1. Could you tell me which residue of the range 28-41 is modelled with the lowest pLDDT, considering only residues that are open to solvent by less than 50 Å² (accessible area, probe 1.4 Å) and within 12 Å of Trp53 (Cβ to Cβ)?
2. Inspect the range 209-225 for any residue being among the hydrophobic types (A, V, I, L, M, F, W, C), under 30 Å from Gln314 (Cα atoms) and not in a strand (DSSP E or B) and give the result as yes or no.
3. Can you tell me which residue is most open to solvent (accessible area, probe 1.4 Å) among those in the range 111-122 that are of a type outside the set (Asp, Glu) and part of a strand (DSSP E or B)?
4. I'd like the residue in the range 327-350 that is open to solvent by less than 70 Å² (accessible area, probe 1.4 Å) and modelled with pLDDT under 75 and, out of all such residues, is farthest from Ala306 (Cα to Cα).
5. Please work out which residue is most open to solvent (accessible area, probe 1.4 Å), limiting yourself to the range 289-298 and to residues that are within 21 Å of Asn273 (Cβ to Cβ) and part of a strand (DSSP E or B).
6. Check Ser188, Ser194 and return the single one that is over 30 Å from Tyr312 (Cα atoms), among the polar types (S, T, N, Q) and modelled with pLDDT under 85.
7. Exactly one condition in (1) open to solvent by 40 Å² or more (accessible area, probe 1.4 Å); (2) touching a Cys at 6+ places or on another chain (Cβ under 7 Å) is false for Cys137; which is it?
8. Please determine, by comparing only the residues of the range 304-323 that are among the aliphatic types (A, V, I, L, M) and at pLDDT 90 or above, which one is nearest to Val287 (Cα to Cα).
Amino acid sequence: MANQEGEHILIILLTFMVTCHHVYVTDGSINFIIKQPNVTISNGGFNSINISWEAEESAEKGNFTVCYYLSFRYLDKENEQILTTTSNYHTIKLRMHPRVIGSVTNALCDGYDIHFQSKPTKFVYNAPPVYINNVSCVLFDKTNLNCSWDFRTDAPDDINYSCALRSNFKWLLCTNYIKRHQKNIGCSMKDVYSDYKDDSLLNKIRIRFFSALYNFSKTFRTEAVEILTPPRHIKVFSENGNTIIKWLPPASVASTGLQDGITPTYNPKEEHNFIYEIRVVENKSKVLFRETNDTDKGEQIFTDLAKDKKYYIQIRARHRHRVSKFWGEWSKPVFINEDNNIFPAWIFIVILPALFAALAFYLCKRYMKKLLITPIPHPSQNIKTWLYMDRSNDIRLQTNIATQNEQSVPLTEIEIVTTA
């Protein structure tokens, strides 16, 4: 009879556990039930949701602490995010993800090590539809940002999106959109970080999108979208018959502030932030002599460059972080063995124009002086005769005119003048 009563009690207990999804734990002196938490989903602010939960704590939990095991993933992503916490809520950023699925488990932990846990409470959240995809951005020249996106095929005809950049705790609205079929498909923003004063690093770039239906954001790691400027202060010198090239890292918003760039001297802490690609080209034939793209130091040694040939090198960099996508810009050519040329290029650029200018000045000075100082020659005898004859004719002509103009005076008396 006693055995039958015990079986009835066990059946009732198991039925209660299955119905209420509770876990009954017996561990030496610990004897209690871990109850399944109640999960609530609420709005967590711009483009995010709050997942909160409540669970009744057992009075007999021994030396363990109450903790919670949260796991979730986005519907369009395979990676699951796992969190063990003593807090009873967590904020999940939606960004452009259409759906979030996950579960919360009530547990007993020793530190953050879970020893006992309840059955999980599952949750699902469907976000409002986002009608754009393939959002990509590129940061170049340290302060210029270009972004582009595509519209999904099921996007309504009247849907359109505007965007803004978060910078220094402010939202900078885009003023220069790229359009297609009257819809914004890109944005070009210039000098967006020119006044960046924060001592901390710019490790994230956040773009916010606005539409009539729904607002959301997209965040990029700076290392993933930045196209670096060329490495700085490239120097070439020889030592023990080897050619040594040294340089300083490029300026980057992900490594230091924008105003002064990276320190002008060598900084070992910044040495391994970048990977460099170096190409050596023979100047005369323009043939690629050597190319390396795996160095993370600020120098490179070449032992096999011919002393009687001229080369030039170019260097570019990218972030070492695995999310980095783009190589930076190539540096200007830096020449090796430049002094081996019999006629260096600067002779043709500087000396020859100077010689032509000096020659032109000498010729102008010589002939101008001759033109100004040489006396005017006297006229020839023929010219003199012609001038005399012409003058004589003119005198006779004037005499005839004067004679015709004289009035005749009658002679009334004759005065005879005699001399003694």
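1. Checked the range 28-41; the qualifying residue modelled with the lowest pLDDT is Gln36.
2. Residues of the range 209-225 that are among the hydrophobic types (A, V, I, L, M, F, W, C), as a first pass: 209-210, 212-213, 216, 220, 224-225.
Then drop every residue that is not under 30 Å from Gln314 (Cα atoms), which leaves 220, 224-225.
Subsequent filtering for residues that are not in a strand (DSSP E or B) retains 224-225.
Yes, there is a match, as at least one residue in the range 209-225 is among the hydrophobic types (A, V, I, L, M, F, W, C), under 30 Å from Gln314 (Cα atoms) and not in a strand (DSSP E or B).
3. Restricting attention to the range 111-122, the residues satisfying the condition of being of a type outside the set (Asp, Glu) are 111-112, 114-122.
Filter once more, so that each one left must be part of a strand (DSSP E or B): 114-117, 121-122.
Values: Ile114: 59, His115: 95, Phe116: 48, Gln117: 89, Thr121: 24, Lys122: 166 Å².
Restricting to residues being of a type outside the set (Asp, Glu) and part of a strand (DSSP E or B), the top hit is Lys122.
4. Out of the qualifying residues, it is Ile347.
5. To start, the set of residues in the range 289-298 that are within 21 Å of Asn273 (Cβ to Cβ) comprises 292-298.
Imposing the further condition that a residue be part of a strand (DSSP E or B) reduces the set to 292-295.
Values: Thr292: 29, Asn293: 88, Asp294: 123, Thr295: 17 Å².
Within the range 289-298, the match that is most open to solvent (accessible area, probe 1.4 Å) is Asp294.
6. Working: Ser188 fails: modelled with pLDDT under 85.
Being over 30 Å from Tyr312 (Cα atoms), among the polar types (S, T, N, Q) and modelled with pLDDT under 85 holds for just one of Ser188, Ser194, which is Ser194.
7. Among (1) open to solvent by 40 Å² or more (accessible area, probe 1.4 Å); (2) touching a Cys at 6+ places or on another chain (Cβ under 7 Å), Cys137 violates only (1).
8. Filtering the range 304-323 for residues among the aliphatic types (A, V, I, L, M) gives 305-306, 313, 315, 317, 323.
Filter once more, so that each one left must be at pLDDT 90 or above: 313, 315, 317.
Numbers: Ile313: 12, Ile315: 16, Ala317: 22 Å.
The extreme case among them is Ile313.
The values are calculated or read from the model by the stated rules, or taken from the named source; none is laboratory data. This is a predicted model, so every value here is computed, not measured. Backbone-built Cβ (ideal geometry, glycine too); neighbour counts: all protein chains shown. Accessible surface is based on the protein model in full, side chains and every heavy atom, while ligands, DNA and RNA are left aside. Shrake-Rupley method; radii C 1.70, N 1.55, O 1.52, S 1.80 Å.
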